[in-house]
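> One structure follows; several queries about it will come next.
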Amino acid sequence: MKRDELFLAINGVDDCLIAGCASYSAKNKVVKFKGMNRGIVAVACLCMVLILSGTAYAAWKYLSAKDVASKIGDTKLTEAFDKQGDWAGGETQSCGGYDIAMIGLISGKELSDYLVTSDGQVVSDNTYAVVGISKTDGSAMPDVSSDSYGENDFLVSPYIQGYNPSKYNIFTLAAGGYFAVVEDGIQYRIMEVENIEAFADREIYLGVSDGSFYNSDAYIYDNATGKISRNEKYDGVNALFVLPMDPSKADKRAADAIIEKVENSVEEDIQDLPSDKEVEKFMSKLTVDNIDNYATPVESTRKNVKPDKDGYISYDYVMPNGTSSSGYWNIEYMFPDGKIGMSENFSYSSSENGIKDLVIETYTLNKDGTVTCVVYVPKNH
């Protein structure tokens, strides 16, 4: 997974491709993340989430997992869920005006009609989780074809005990993506990632939260135990289910391979920086002292962020054209000498349009320890 690419498709037929975009408002039934490239970064990309409180067990009103798979036209997955059956507990968690239902979970090889590639290889051994998202007041969720679909987005992502969820999530696990469909006013999502049964000897979670990226304020990661829990003080949507994985399916070799891939994603991202010669030439002349001569700050992206207890900062933004992105970095990487002021380490990304789509992230260390992040775009382009 090297580039910011996501495919929007209906019934497995690619409809459009958006490059250089980490978030979006999808109007189609199938959304596949094909990877994230953040330019010069210190850690892998993350997703933003918000949080929820309370668990409820209401009358079951949701489609079965096999019916959801059938609605999105995946024959193989429909058959797989039909053989296995649904989530036995039928658990529903409620908060923020939404009811989140955990409906189905399955892992295995060649289970779907829609297999994706990562680094040029087909990922055929995957985990699929089915959830239902409905409004507590009974009003209908917007249909995927409506203009309002995606205005209140949700992130459905797995998390693994012992691994920081801001690094290990749907964006960094191969084949990460989801299928979405709305039926009778309820939104259903089938989340897909590479097979995470390899970590079945520890707790594996499925989080459903509002927003498009991971937010460290939403969930609590215990560094001592590695366990993840909901932040009860957070006001928003943050369902968190503990997945019933079979410990006997744990595979240390497979788990180590996943870990190595995620940890090495920084080097891959750096090697995969935009190759456009015009972009490279433009970036090579930028310095802290002259950036204002060549580029203009996008004030709507300006944010002051505070490093977490481990020294990491997270930054998400939305550009005026609606595209958005997010990143997570170690402050020591950005400011190795601890000097107050703008870091000489710029992050940048662009698409096939080269310098016309170039965005440059800058980071300025303040006296109070916070970091001011702002995106610049080239002048006269």
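The values are calculated or read from the model by the stated rules, or taken from the named source; none is laboratory data. Owing to the predicted nature of the structure, the values given are computational and were not obtained by experimental measurement. Here the Cβ positions follow ideal geometry from the backbone for every residue, glycine too, while neighbour counts run over all protein chains shown. We work out accessible area using only protein heavy atoms, side chains counted, and drop any ligands, DNA or RNA first. Shrake-Rupley method; radii C 1.70, N 1.55, O 1.52, S 1.80 Å.
> I'm trying to understand the selection: among the residues of region 331-346, which are among the small types (Gly, Ala, Ser) and either more than 18 Å from residue 311 (Cα to Cα) or not in a strand (DSSP E or B) (or both)? Walk me through it before giving the result.
Initially, region 331-346 is screened for residues among the small types (Gly, Ala, Ser), giving 338, 341, 343.
Residues satisfying the conditions are 338, 343.
> Looking at region 209-235, which of its residues are among the hydrophobic types (A, V, I, L, M, F, W, C) and touching a residue at least 60 places away in the same chain (Cβ under 8 Å)?
The answer is 213, 218, 228.
> For residue 136, indicate whether it is in contact (Cβ under 8 Å) with a residue 24 or more places away in the chain, on the phi < 0 side of the Ramachandran plot and of a type in the set (S, T, N, Q). Walk me through it before giving the result.
Numbers: in contact (Cβ under 8 Å) with a residue 24 or more places away in the chain: yes; on the phi < 0 side of the Ramachandran plot: yes; of a type in the set (S, T, N, Q): yes.
Yes: the conditions hold for residue 136.
> While we're here: For residue 333, state whether it is open to solvent by less than 20 Å² (accessible area, probe 1.4 Å) and not β-branched (Val, Ile, Thr).
Values: open to solvent by less than 20 Å² (accessible area, probe 1.4 Å): no; not β-branched (Val, Ile, Thr): yes.
Judged against the criteria, residue 333 is not a match.
> Applying the selection to region 299-333, what residues are more than 20 Å from residue 378 (Cα to Cα) and basic (Lys, Arg)?
Result: 306, 309.
Table: residues versus (1) of a type in the set (S, T, N, Q); (2) modelled with pLDDT of 90 or more; (3) open to solvent by less than 30 Å² (accessible area, probe 1.4 Å).
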residue	(1), (2), (3)
80	no, yes, yes
85	no, no, yes
89	no, no, no
92	yes, yes, yes
95	no, no, yes
102	no, yes, yes
108	no, yes, yes
112	yes, yes, yes
117	yes, no, no
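> Counting residues that are modelled with pLDDT of 80 or more and within 15 Å of residue 350 (Cα to Cα), which helices (runs of 4 or more DSSP H) fully inside region 251-330 reach at least 3?
Counting at least 3 such residues, we get 277-284.
> Which of the residues that make up region 174-216 are hydroxyl-bearing (Ser, Thr, Tyr) and within 25 Å of residue 248 (Cβ to Cβ)? Steps first, answer last, please.
Step one: list which residues in region 174-216 are hydroxyl-bearing (Ser, Thr, Tyr), which gives 178, 188, 205, 209, 212, 214, 216.
Of everything in region 174-216, just one residue is hydroxyl-bearing (Ser, Thr, Tyr) and within 25 Å of residue 248 (Cβ to Cβ), namely 205.
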